[in-house]
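The values are calculated or read from the model by the stated rules, or taken from the named source; none is laboratory data. This structure is a prediction, so every number in the text was calculated from the model and none was measured. Using ideal geometry, Cβ is built from the backbone for each residue, glycine included, and neighbour counts are taken over all protein chains shown.
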Amino acid sequence: MPLIDNLLTLYKVDRQVRSLRSRVESAQIYLNVQNRLMTEIGVEQAESNLKRKQHKANISNIETEIGAVDVRIEHLREELNQAINDKQYSALLAEMNTIKVHRKAFEDEELIEMSAVEDLDANLADISQRLEEREKVTKVASKELKVREAEIAEQLAELETEREAAAAVIPESVLDEFESLADDYDGESMAAVEIIDLKRREYSCTSCSLRLPLDSITSMLGNKDAHVKCVSCDRILFLEAESREAIAPADT
């Protein structure tokens, strides 16, 4: 069997294999996206929880400070009641007023911290809802992937066996070229020759639509074991049966 025919056999089964795999790959990509989004939401949740913990710790520290201030104020009240002169009373009163200002500052700071905690609680509730929704989507995506894998498993195994058999008869150097082109062009490693004007011997590549030199056509007609590539897109060229029959008489 001529090389070009073997290549066409491989080309056809390779496209079928890639088509089946793409069904699974698209489902896998979708699942990967959902897992990535889940991870991102999880990171956001962890960061918000950490911030909340920090603000709660700040509130605890502030309350400790306020407690210490209250103790000092109570102590100053007792001292005020026991003041023996105006000078001592005025000094104690001035200290108490100063401490009360500090207490007010602590209270204001505590309100800011408590407001931050409330905002974070609302944000965490939203995150939890988004995480729950994303978990549902991820479960559906995982199930869809398994369904697609099961649907194509048998057919894919058969086609891969056919592909291995088709590849086994291709020379290694040519097979390497074919594989490289198939990867570069998503399975479209070969292209048919299109007849533009038979009388003028004008031909083009059906993939890139650019003109082909007559030498390429002559080589394809003269030697079926030669693999001729498009001078533009580098795909392996082939002549369909009708095209070969139409061209051959013109080149005799």
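Quick look at the values:
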| read-out | value |
| --- | --- |
| Residue in segment 152-170 that is within 30 Å of Met38 (Cβ to Cβ), loosely packed, with under 14 Cβ neighbours inside 10 Å, in contact with a Lys or Arg (Cβ under 9 Å, 6 or more places away or on another chain) and in contact (Cβ under 8 Å) with a residue 24 or more places away in the chain present | no |
| Exclusive hit being closer than 30 Å to Arg15 by Cα and in the same structural domain as Gln45 (by TED's automatic domain parsing), set Glu74, Glu158, Glu113 | Glu158 |
| Subset of segment 193-218 (residues that are of a type in the set (Gly, Ala, Ser) and outside any strand (DSSP E or B)) | Ser207, Ser209, Ser216 |
| Members of segment 214-247 that are more than 21 Å from Asn6 (Cα to Cα) and surrounded by fewer than 12 Cβ atoms within 10 Å (Cβ to Cβ) | Asp215 |
| Subset of segment 139-186 [outside any helix (DSSP H, G or I) and in contact with a Phe, Trp or Tyr (Cβ under 9 Å, 6 or more places away or on another chain)] | Ile170 |
| Only listed residue being farther than 30 Å from Lys224 by Cα, in contact (Cβ under 8 Å) with a residue 60 or more places away in the chain and of a type outside the set (D, E, K, R), chosen from Gln16, Gln45 | Gln45 |
| The listed residue being in a helix (DSSP H, G or I) and either touching a helix residue (DSSP H, G or I) at 6+ places or on another chain (Cβ under 8 Å) or modelled with pLDDT under 95 (or both), out of Glu25, Glu47, Glu118, Glu40 | Glu25 |
| Residues located in segment 84-95, provided they are of a type outside the set (A, V, I, L, M) and not in a helix (DSSP H, G or I) | Asn85 |
| Of all residues making up segment 114-135, the number that are touching a residue at least 60 places away in the same chain (Cβ under 8 Å) and not β-branched (Val, Ile, Thr) | 10 |
| Single residue of Leu37, Leu31, Leu80, Leu20 found to be among the hydrophobic types (A, V, I, L, M, F, W, C), surrounded by 14 or more Cβ atoms within 10 Å (Cβ to Cβ) and within 23 Å of Ser180 (Cα to Cα) | Leu20 |
| Residue in segment 61-83 that is more than 30 Å from Lys146 (Cβ to Cβ), in a loop (DSSP other than H, G, I, E, B) and without any contact (Cβ under 8 Å) to a residue 60 or more places away in the chain present | yes |
| Every residue from segment 232-252 that is of a type outside the set (S, T, N, Q), assigned to a loop (DSSP other than H, G, I, E, B) and touching a Lys or Arg at 6+ places or on another chain (Cβ under 9 Å) | Arg235 |
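Here's the yes/no breakdown for (1) out of contact with any Ser or Thr (no Cβ under 7 Å at 6 or more places or on another chain); (2) under 30 Å from Leu181 (Cβ atoms); (3) surrounded by fewer than 13 Cβ atoms within 10 Å (Cβ to Cβ):
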{"site": "Leu8", "(1), (2), (3)": "yes, yes, no"}
{"site": "Lys12", "(1), (2), (3)": "yes, yes, no"}
{"site": "Glu25", "(1), (2), (3)": "yes, yes, no"}
{"site": "Gly42", "(1), (2), (3)": "yes, no, no"}
{"site": "Leu50", "(1), (2), (3)": "yes, no, yes"}
{"site": "Glu65", "(1), (2), (3)": "yes, no, no"}
{"site": "Val71", "(1), (2), (3)": "yes, no, yes"}
{"site": "Tyr89", "(1), (2), (3)": "yes, no, no"}
{"site": "Ile99", "(1), (2), (3)": "yes, no, no"}
